[in-house]
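Beneath this line is the structure, given in structure tokens, with notes to follow.
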Amino acid sequence: MKEKTRKNVYDAFLGEAKAYFRLLAYAEKAEEEDVPQVALLFRAIAEAERVHATSHLNLVKDILVKDTDTNLEKSFKKEKSISQNEYPDFIKEAEEEGEKAATITFSHARDAEAHHAKLYEQAIYHLIKDEVAAYHVCQVCGYVTEKKIPDKCPICGAPKEKFKTVE
């Protein structure tokens with residue numbers, strides 16, 4: 001695929017992926033407002049956007065998805081960079097503007113991303129167990145653990161009921 005088309009396909013993938021999540025949020029709002037038919041419409045079109053995103057991703061998968069070792073290394077570096085470079089700047093700017101909710105969500109994400117990097121690093125150095133039955137994800141801040149669900153999240157303090165198990 002030629003350079004301009006590849007970039008356009010990648011940009012289309014990003015746009016469709018964003019639309020998917022945006023439309024799910026719209027559906028949630030429509031449900032809250034007791035407009036179930038519109039909520040259903042938003043969810044249906046969100047699913048269509050997911051299909052589009054997947055189709056676009058499949059066209060550029062060769063540049064985005066490599067072998068597992070490479071994918072682990074890239075994921076480790078990205079999580080580490082985000083937690084050490086991007087989120088601290090976001091937090092600083094949110095604090096300067098007095099945006100407490102944004103400061104909290106950025107702080108939670110920063111800390112969770114740092115922990116994600118540790119999990120990737122363990123995988124890179126084969127320090128994770130050969131058999132992990134499941135991971136548990138805090139639905140408030142995104143903290144991930146392969147151990148048992150903690151009584152409360154070490155990052156945001158959410159109770160164990162807020163964890164989702166990924167098997």
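Numbers for the structure displayed
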read-out: Number of positions in the stretch 131-167 that are under 20 Å from Ala117 (Cα atoms), modelled with pLDDT of 95 or more and part of a loop (DSSP other than H, G, I, E, B); value: 11
read-out: Subset of the stretch 82-123 (residues that are of a type in the set (D, E, K, R), in contact with a helix residue (DSSP H, G or I) (Cβ under 7 Å, 6 or more places away or on another chain) and in contact (Cβ under 8 Å) with a residue 24 or more places away in the chain); value: Arg110, Glu113, Glu121
read-out: In the stretch 26-46, the residues that are surrounded by fewer than 17 Cβ atoms within 10 Å (Cβ to Cβ) and either among the hydrophobic types (A, V, I, L, M, F, W, C) or at pLDDT below 95 (or both); value: Val35, Val38, Leu40, Leu41, Ala44, Ile45
read-out: Elements of type helices (runs of 4 or more DSSP H) contained in the stretch 1-94, each with 2 or more residues being of a type in the set (Gly, Ala, Ser) and outside the structural domain of Ala112 (by TED's automatic domain parsing); value: 3-32, 36-64
read-out: Flag if Leu23 is more than 25 Å from His116 (Cα to Cα), surrounded by 17 or more Cβ atoms within 10 Å (Cβ to Cβ) and either hydrophobic (A, V, I, L, M, F, W, C) or touching a strand residue (DSSP E or B) at 6+ places or on another chain (Cβ under 6 Å) (or both); value: yes
read-out: Among the candidates Glu97, Glu86, residue that is at negative phi, more than 17 Å from the chain's Cα centre (by Cα) and acidic (Asp, Glu); value: Glu97
read-out: Any hit, the stretch 136-157, residues being buried (at least 16 other Cβ atoms within 10 Å of the Cβ) and among the polar types (S, T, N, Q); value: yes
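The values are calculated or read from the model by the stated rules, or taken from the named source; none is laboratory data. None of these values were measured; they are calculated from a predicted model. Counting neighbours? That spans all protein chains shown, and the Cβs are built from the backbone with ideal geometry, glycine included.
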